[in-house]
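The values are calculated or read from the model by the stated rules, or taken from the named source; none is laboratory data. The structure presented is a predicted model; accordingly, all values stated were derived computationally and were not measured. A quick note on method: Cβ atoms are made from the backbone with ideal geometry, for glycine too, and the neighbour counts reach across all protein chains shown. All accessible areas refer to the heavy atoms of the entire protein, side chains included, with ligands and DNA or RNA removed. Shrake-Rupley method; radii C 1.70, N 1.55, O 1.52, S 1.80 Å.
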Amino acid sequence: MITSFPTSALLLALITLPVCALDTFIAAVYEHAVLLPNKTETPVSRRDALLLMNKNIDILETAVEQAARQGAQIIVTPEDALYGWKFTRESIFPYLEDVPDPQVDWIPCRDPHRFGHTPIQERLSCLAKNNSIYVVANIGDRKPCKSHGCPHNGYYQYNTDVVYDKEGKLVARYHKYHLYSEIQFDIPEKPELVTFNTTFGRFGIFTCFDILFHDPAVTLVRDFHVDTILFPTAWMNVLPLLTAIEFHSAWAMGMGVNLLAANLHHVRLNMTGSGIYAPHSPKVYHYDMETDLGKMLLAELDSHPRSSPSYPVAVNWSTYAVAQEPFPLQRKAFGGFISRDEFNFTELFEDAGNLTVCQKELCCHLSYRMLGKEEHEVYVVGAFTGLHGRRRREYWQVCTMLKCKSASLKTCGQPVETASTRFDMFSLSGTFGTEYVFPEVLLSKVHLSPGNFEVLEDGRLTNKNGTPGPILTVSLFGRWYTKDSLYSSCVA
C-alpha cells in the first residue's frame, strides 16, 4: 500500500500487482438511512455513542452479508454513516477511535485492544473477515497532538475512511482533506494519496467534497493510475449541475476510472444518489426522494478498465469548439444565475438550431433538434467561467443547455425536476482552457441516460439515437484547478 507519498509516476515501477488477477469483479455500494443522535451539539457518554454506532452497524451488517451472498468482493458504505453530522469538536469526541497506520499489519477482529479500546474497528474488521469481503467505512480518527498550537483538547480529529480486506486486516486509512462545514474535524497537513492493490485491481480512496479538487482526486487517477475510486459521501443534491448521480457519473467518465459512490439517504436534506460508475457509462444507480429506505446496489466492473475494449477514446475538449466559427447571433444573450454564479444565457426559441453563447474566454456551441417543443417549456444554452459561489475559491468553466423553471427567463438556472420536451439531437462543445471536463446528461425526474450519449474525440457531447426521456440539462462541467484562488503548488 502507498499512503501520503509524493506524487510521482516513477513510484509505479516499484509496485507489484497481486498474482491470480481477475479481469472483472462484483462491486457493491449501500445507500444508508443513518440513525441519528437526538442531539449532536451536546456531548454524550462513550457508552451512548457506541450504542448509536452499533445500531447503525447492525443495519450495515445486513447489507454486507447480502452483498457477500451475491458474490461482491467489495462494499462501500457512506460518509457519516455511523453517527451523522453537525457535531462540535467536543460532542464528536466520544465517537472517535485511534486508527493506526495500515502498515502496522493489524486485524482488529483478532487483536481489538492493540491500539486501545477500538470496538467499532473490531466490528467492521469482523464484518469483512466473516463475510470474506472488502469493507469500506467512514469513521472518526483521533490523534494526540505533540507539537505547539494544538487543539485545546490535545487531539487532532479527522474525518476518516477505513478499508478492511477479506481477512479483516486494515489495508487503507484516509483522512478527508477538503472539509465542508465540519468544525468537528481538523484538516490534515497535506492531501493524502492512499492506494492499495487487490487481485481485482488497484484502488484509491477519498471522501465527498474532495472530488471537486485536484488533490487527492485527480492525482490518484493521473499519477497513481488507480483502476477504481472508492467514494464514501454525504452529498446534498443541488440542481441543475450538482446532483450526486449526475456529477459522480460525469466525473467517472471524465477521469476514465471506475467510481463506487455510496451516499447517505436523508430526504429532508436532499441526500440521496448512489451509484457504480464505469468510465463509459453508469452500471447502476439509485435516486429516491420518496421513501426513507436504504438501498443496496451491485454491478460487475472491469478490474482494469483502461484495458477494456469499451474504454473511452482520449478527448481534447476544445478541438471542435476552437475551430468552430461562432454561430450567427439569433437572439441577445441575457444574464442569469445558477446558485451564485452569473451565467450568460441564450434562449432556444425554435425547435431546431445552432447557437453560440460566450463569457470571457469561454464560448459554448450548441446544435439541437427537438421532437416537438412544449409551449410552456423554455430552454437556454449558457456559459460561465470564473471563481465559483460565495467562497470564490474554485474556478469553473461550464457550458450547459437546461430547462428553465418556468416560461419566465428570470427563472433560468433555478432548480427544476421535471420536463416534457424531448430532443432528437444535441451537440454541445466549448472552448475550454482546462483538460478536466465532466460530461453530464440529466433527464426528467432526475434520471441518468446510460448508453444514450457519448463524447467525441474533438470534445463534442452528443446524443446517440435520440434520448429516452425529456431533458433537464446537458452540461460540460469544467474545473480549471490551476486558477483556483487557493492554488497549491502540488497541482500539476
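Scanning segment 164-173 for residues that are in contact (Cβ under 8 Å) with a residue 60 or more places away in the chain and in a strand (DSSP E or B), we see that the one that is farthest from Val194 (Cα to Cα) is Leu170.
Scanning segment 331-362 for residues that are out of contact with any Gly (no Cβ under 7 Å at 6 or more places or on another chain), part of a strand (DSSP E or B), open to solvent by less than 40 Å² (accessible area, probe 1.4 Å) and farther than 20 Å from Arg393 by Cα gives Thr346, Glu347, Gly353, Leu355, Thr356. For beta carbons closer than 7 Å, sequence separation of 6+ or different chains, a first residue in segment 437-463 that is in a strand (DSSP E or B) and at pLDDT below 95 and a second that is charged (D, E, K, R) and buried (at least 17 other Cβ atoms within 10 Å of the Cβ), there are no qualifying pairs.
No other residue among Ala261, Ala244 is in contact (Cβ under 8 Å) with a residue 40 or more places away in the chain, in contact with a helix residue (DSSP H, G or I) (Cβ under 8 Å, 6 or more places away or on another chain) and of a type in the set (Gly, Ala, Ser) apart from Ala261. Restricting the first member to segment 86-114 and to residues that are in a loop (DSSP other than H, G, I, E, B) and at pLDDT 95 or above, and the second to residues that are open to solvent by 70 Å² or more (accessible area, probe 1.4 Å) and not charged (D, E, K, R), the beta-carbon pairs closer than 7 Å and six or more apart or on different chains are Thr88/Ile183.
Yes or no, residue by residue, for (1) without any contact (Cβ under 8 Å) to a residue 40 or more places away in the chain; (2) within 16 Å of Lys403 (Cβ to Cβ):
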| position | (1), (2) |
| --- | --- |
| Val322 | no, no |
| Phe345 | no, yes |
| Phe349 | yes, yes |
| Thr356 | yes, no |
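Exactly one residue among Leu230, Leu242, Leu264 is surrounded by fewer than 24 Cβ atoms within 10 Å (Cβ to Cβ) and of a type outside the set (Val, Ile, Thr), and that residue is Leu242. Any idea which residue in segment 6-23 is modelled with the highest pLDDT, counting only those that are farther than 13 Å from Asn197 by Cβ and loosely packed, with under 14 Cβ neighbours inside 10 Å? Here the answer is Asp23. Within segment 24-43, the set of residues being in a loop (DSSP other than H, G, I, E, B) and either open to solvent by 50 Å² or more (accessible area, probe 1.4 Å) or of a type in the set (Ser, Thr, Tyr) (or both) comprises Leu35, Leu36, Asn38, Lys39, Thr40, Glu41, Thr42, Pro43. Pairing residues of segment 41-55 that are closer than 12 Å to Glu90 by Cα and of a type outside the set (Ser, Thr, Tyr) with residues that are open to solvent by less than 70 Å² (accessible area, probe 1.4 Å) and part of a loop (DSSP other than H, G, I, E, B), at Cβ distances under 9 Å and at least 6 apart in sequence or on separate chains, gives Glu41/Phe87; Glu41/Thr88; Pro43/Thr88; Val44/Pro37.
Based on this model, can you work out whether Thr473 counts as buried (at least 18 other Cβ atoms within 10 Å of the Cβ) and touching a Cys at 6+ places or on another chain (Cβ under 8 Å)?
Numbers: buried (at least 18 other Cβ atoms within 10 Å of the Cβ): yes; touching a Cys at 6+ places or on another chain (Cβ under 8 Å): no.
It is false that Thr473 is buried (at least 18 other Cβ atoms within 10 Å of the Cβ) and touching a Cys at 6+ places or on another chain (Cβ under 8 Å).
From the list Asp215, Asp223, Asp161, which residue is open to solvent by 20 Å² or more (accessible area, probe 1.4 Å) and either touching a residue at least 60 places away in the same chain (Cβ under 8 Å) or farther than 30 Å from Pro43 by Cβ (or both)? Walk me through how you get there before you give the answer.
Working: Asp215 fails: open to solvent by 20 Å² or more (accessible area, probe 1.4 Å); Asp161 fails: open to solvent by 20 Å² or more (accessible area, probe 1.4 Å).
Only one candidate qualifies: Asp223.
Just the residues that are within 21 Å of Leu170 (Cα to Cα) and assigned to a helix (DSSP H, G or I), please, taken from segment 63-85. Ala63, Val64, Glu65, Ala67, Ala68 - these are the residues of segment 63-85 that are within 21 Å of Leu170 (Cα to Cα) and assigned to a helix (DSSP H, G or I).
Looking at Arg460, Arg479, which is the one that is of a type in the set (Lys, Arg), touching a helix residue (DSSP H, G or I) at 6+ places or on another chain (Cβ under 9 Å), over 24 Å from Arg340 (Cβ atoms) and buried (at least 17 other Cβ atoms within 10 Å of the Cβ)? Don't jump to the end; show me each part of the working.
Values: Arg479 fails: over 24 Å from Arg340 (Cβ atoms).
One residue alone meets the criteria, Arg460.
When you look at Leu269, is it within 30 Å of Leu402 (Cβ to Cβ), modelled with pLDDT of 95 or more, of a type outside the set (Lys, Arg) and buried (at least 24 other Cβ atoms within 10 Å of the Cβ), yes or no? Answer is no for this residue.
How many of the residues making up segment 193-212 are open to solvent by 20 Å² or more (accessible area, probe 1.4 Å) and closer than 21 Å to Ser485 by Cα? Write out each step before concluding.
First, pick out the residues of segment 193-212 that are open to solvent by 20 Å² or more (accessible area, probe 1.4 Å): 197, 199, 209.
So of that shortlist, the ones also closer than 21 Å to Ser485 by Cα come out as 209.
Of the residues in segment 193-212, 1 are open to solvent by 20 Å² or more (accessible area, probe 1.4 Å) and closer than 21 Å to Ser485 by Cα.
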